[in-house]
Amino acid sequence: MQSSTIGNLFLAMLKSGLLGYGGGPASIPIIQSQVVETYHFMTPNQFTDALALANTLPGPIATKLATFIGYQTGGILGALAALIGIVGPTAVGVVVLVNVLGALKGNVHLQGLIAAVRPVVVVLLLQTAWMSSKGSFADWRAFVIAILAALALFVFRVSTPLVILSAMLVGAFWLAPAR
């Protein structure tokens, strides 16, 4: 394993960790850009697969995705470098933020900054959904699963883990290629 790969994994995730305002889901487009376009660790379809697999596990998506990409690209050292890169800025940021927010509680400029960034985070999430959708609807059955999942989540308010597990089971038996 080349040390440059480990270093690039760290840098890719560090950039994602530094710029991913709004939490893990908002970091996904940044991670994708770094992993697919900048460093070419994965193809767009491989990234979509990694994102799907990472979403099946509990916990923050950015850390799962970074660790998965790091391990696949650079083994244990790659996973560790990617994890430190993605979590490091957040850990430092939380300590700094608690102190700054305490000092600037009623500041109108800070309130305006936060209000302006919220819609940008929504756009980042929409970008992630759009980019991930490109390889996700290989045939009409995948589209049916997506509609059923949307109905289950938004109309019937079925719990997210149950929808994911159901989709996994349906996919394993209904979307599995014929042998």
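The values are calculated or read from the model by the stated rules, or taken from the named source; none is laboratory data. Predicted, not measured: the structure shown is a model, and the values here were computed from it. FYI the Cβ positions are ideal-geometry reconstructions off the backbone, even for glycines, and counts take in every protein chain you see.
When G59, G75 are checked against the criterion of being loosely packed, with under 15 Cβ neighbours inside 10 Å, in the same structural domain as G7 (by TED's automatic domain parsing) and not in a helix (DSSP H, G or I), a single residue qualifies: G59. Annotation note: of V92, V36, V117, V96, the sole residue that is at pLDDT below 90, assigned to a helix (DSSP H, G or I) and out of contact with any Leu (no Cβ under 9 Å at 6 or more places or on another chain) is V117.
Of all residues in the range 131-165, those satisfying the criterion of being polar (S, T, N, Q) and under 19 Å from the mean Cα position of the chain (by Cα) are S132, S133, S136, T160. Within the range 96-104, identify whether any single residue is in contact with a helix residue (DSSP H, G or I) (Cβ under 7 Å, 6 or more places away or on another chain), surrounded by fewer than 16 Cβ atoms within 10 Å (Cβ to Cβ) and not charged (D, E, K, R), and answer yes or no. Yes, there is a match, as at least one residue in the range 96-104 is in contact with a helix residue (DSSP H, G or I) (Cβ under 7 Å, 6 or more places away or on another chain), surrounded by fewer than 16 Cβ atoms within 10 Å (Cβ to Cβ) and not charged (D, E, K, R). For the range 126-141, the criterion of being of a type in the set (K, R), part of a helix (DSSP H, G or I) and not assigned by TED's automatic domain parsing to the domain that holds A50 is met by at least one residue. Looking across L113, L175, L169, L101, one residue alone is free of Cβ contacts under 8 Å to residues at least 12 places away in the same chain and either more than 30 Å from F10 (Cα to Cα) or not assigned by TED's automatic domain parsing to the domain that holds G59 (or both). It is L169.
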